[in-house]
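The values are calculated or read from the model by the stated rules, or taken from the named source; none is laboratory data. Small disclaimer: the values here were computed from a predicted structure and weren't measured. Note: ideal-geometry Cβ built from the backbone for every residue, glycine included; neighbour counts use all protein chains shown.
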Amino acid sequence: MSRAYIASVLGAMLMGSGSAVADPNCAGPDHWPANMTFAQLKNAGLLTNDAVDFARTKSDQIASQKVGRDLYRQVFKVTFYLKDGREVRAIAVSDASRGECSMSDVTVYRIAEPLR
């Protein structure tokens with residue numbers, strides 16, 4: 001997928017989402033998006049269990065869009081803090097319902113270097 005496509009999808013979701021807080025609560029380090037993001041980054045060789053300070057892991061919902069009856073496409077910023085002081089950040093996109101955070105696979109986009 002091109003960067004323009006990803007940016008347009010995220011932009012549309014942000015503008016179309018007036019009540020992300022009222023949607024299913026799948027944010028947090030112990031929920032499906034963060035766990036699957038870790039698994040994919042680990043499988044890609046970018047993280048190891050020993051390197052991550054899991055107590056500091058953050059997963060914040062940044063967008064949500066209703067895409068069906070009780071089905072929401074959600075976007076999260078996930079940050080893993082490494083024991084050596086570095087951070088690994090990613091964007092995770094997945095579908096959730098009010099009763100289940102794992103209604104789809106999680107698509108992960110690693111953030112190489114955020115602009116500050």
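The residue that is farthest from R98 (Cα to Cα), among those in region 41-73 that are in contact (Cβ under 8 Å) with a residue 60 or more places away in the chain and buried (at least 18 other Cβ atoms within 10 Å of the Cβ), is L41.
How many residues does region 88-102 contain that are among the acidic types (D, E) and more than 15 Å from the chain's Cα centre (by Cα)?
Here is the first cut: in region 88-102, the ones among the acidic types (D, E) are 95, 100.
Remaining after also requiring more than 15 Å from the chain's Cα centre (by Cα): 100.
Matching residues across region 88-102 total 1.
Reported count of residues in region 87-97, each being closer than 12 Å to T57 by Cα and surrounded by fewer than 23 Cβ atoms within 10 Å (Cβ to Cβ), is 3.
Can Y81 be described as surrounded by fewer than 19 Cβ atoms within 10 Å (Cβ to Cβ), assigned to a strand (DSSP E or B) and free of Cβ contacts under 8 Å to residues at least 60 places away in the same chain?
Working: surrounded by fewer than 19 Cβ atoms within 10 Å (Cβ to Cβ): yes; assigned to a strand (DSSP E or B): yes; free of Cβ contacts under 8 Å to residues at least 60 places away in the same chain: yes.
In short, yes.
Whether a residue is closer than 17 Å to A27 by Cβ and either of a type in the set (F, W, Y) or part of a strand (DSSP E or B) (or both) was assessed, and S94 passes this test. Filtering S8, S102 for residues that are at pLDDT below 95 and touching a helix residue (DSSP H, G or I) at 6+ places or on another chain (Cβ under 8 Å) leaves a single hit, S102.
Against the condition of a type in the set (S, T, N, Q), part of a loop (DSSP other than H, G, I, E, B), modelled with pLDDT under 95 and over 15 Å from R89 (Cβ atoms), how does S17 come out, does it pass? Can you show your working first?
Values: of a type in the set (S, T, N, Q): yes; part of a loop (DSSP other than H, G, I, E, B): yes; modelled with pLDDT under 95: yes; over 15 Å from R89 (Cβ atoms): yes.
Against the criterion (of a type in the set (S, T, N, Q), part of a loop (DSSP other than H, G, I, E, B), modelled with pLDDT under 95 and over 15 Å from R89 (Cβ atoms)), S17 qualifies.
Of all residues in region 23-42, at least one satisfies being in contact with an Asp or Glu (Cβ under 7 Å, 6 or more places away or on another chain) and not in a helix (DSSP H, G or I). Examine region 106-115 for a residue that is closer than 13 Å to P24 by Cα and either aromatic (F, W, Y) or surrounded by 12 or more Cβ atoms within 10 Å (Cβ to Cβ) (or both), and state whether such a residue exists. No, that holds for no residue.
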